[in-house]
Amino acid sequence: MYKLLIADDEQWIRQGLREIINWGSCNIHEVWEAADGEDALYKVREFKPDIVIADIRMPEIDGLELSAILREEFPQTKVIIISGYKDFDYARKAVELGVSNYILKPIDENSIIETVKRCIKEIDREREMLREQEIMKRQIKKNIFLLKQEFILSIFEEGVYAAAKCQ
C-alpha cells in the first residue's frame with residue numbers, strides 16, 4: 001500500500017484529483033491534501049507519503065522549492081509536478097530536481113494514473129534493492145564472524161602443532 005499527497009492552492013484541483021481518480025486501483029490507500037507548499041512540507045514530514053503531486057506555483061513554498069527540499073530530506077519520495085505554465089525553464093528545473101513527471105494543466109486523468117503507476121514500479125524496485133542489500137549485509141556479517149572463528153582456530157591449531165614439533 002502506498003501514500004499520496006496532493007498539494008495545490010486551488011481547492012477544486014485538489015478535490016478533483018482526490019475524488020475523480022480511483023486511487024485504490026493504483027494501490028494507494030492514503031491520500032492527503034495541502035493548500036500550499038508549507039502545508040505540504042509539514043504533511044510530508046508528518047505522514048511520509050510515497051508520492052507527492054504538487055502544483056508548480058503555490059503560496060509560501062512553490063512546487064520546485066518543495067521538490068528541492070524533498071530531494072534532500074526524503075530522496076525516496078517521488079514528486080510529480082503539475083503546472084499551468086508551458087515555460088521551458090520550469091520544466092528544465094523540474095528535470096534537474098529529479099521529478100518523476102511534469103504534467104501540464106488541464107490535467108489528463110490517464111497521464112496522472114500512468115505516472116503514478118510508474119512511480120510505484122520505481123518505488124517497488126528501490127525497496128527490493130534495499131531488501132537485497134540488507135540480506136547481503138547480514139550475510140557478510142555472518143561470513144566475517146565465521147572467518148574470524150576459522151582464523152583463530154587455525155592460529156590455535158598451528159600453535160599447538162608448532163609446540164608439539166618442538167618437543
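The values are calculated or read from the model by the stated rules, or taken from the named source; none is laboratory data. Quick caveat, the model's predicted, so the values are computed rather than measured. Cβ coordinates were reconstructed from backbone atoms using ideal geometry, including for glycine residues, and neighbour counts include every protein chain displayed. Ligands, DNA and RNA are stripped out before the accessible areas are found, and what is left, the full protein with its side chains, is counted by its heavy atoms. Shrake-Rupley method; radii C 1.70, N 1.55, O 1.52, S 1.80 Å.
Of the residues making up the stretch 8-46, those that are under 24 Å from K117 (Cβ atoms), within 17 Å of the chain's Cα centre (by Cα) and aliphatic (A, V, I, L, M) are I28, V31, A40, V44. Among the residues examined, V44 does not qualify as open to solvent by less than 10 Å² (accessible area, probe 1.4 Å), aliphatic (A, V, I, L, M) and in a strand (DSSP E or B). When restricted to residues that are buried (at least 18 other Cβ atoms within 10 Å of the Cβ), in a helix (DSSP H, G or I) and of a type in the set (D, E, K, R), the stretch 1-41 contains 2.
Taking the stretch 53-167 as the region of interest, the helices (runs of 4 or more DSSP H) fully inside it that hold 1 or more residues being at pLDDT 90 or above and either surrounded by 10 or more Cβ atoms within 10 Å (Cβ to Cβ) or over 24 Å from the mean Cα position of the chain (by Cα) (or both) are 63-73, 109-166.
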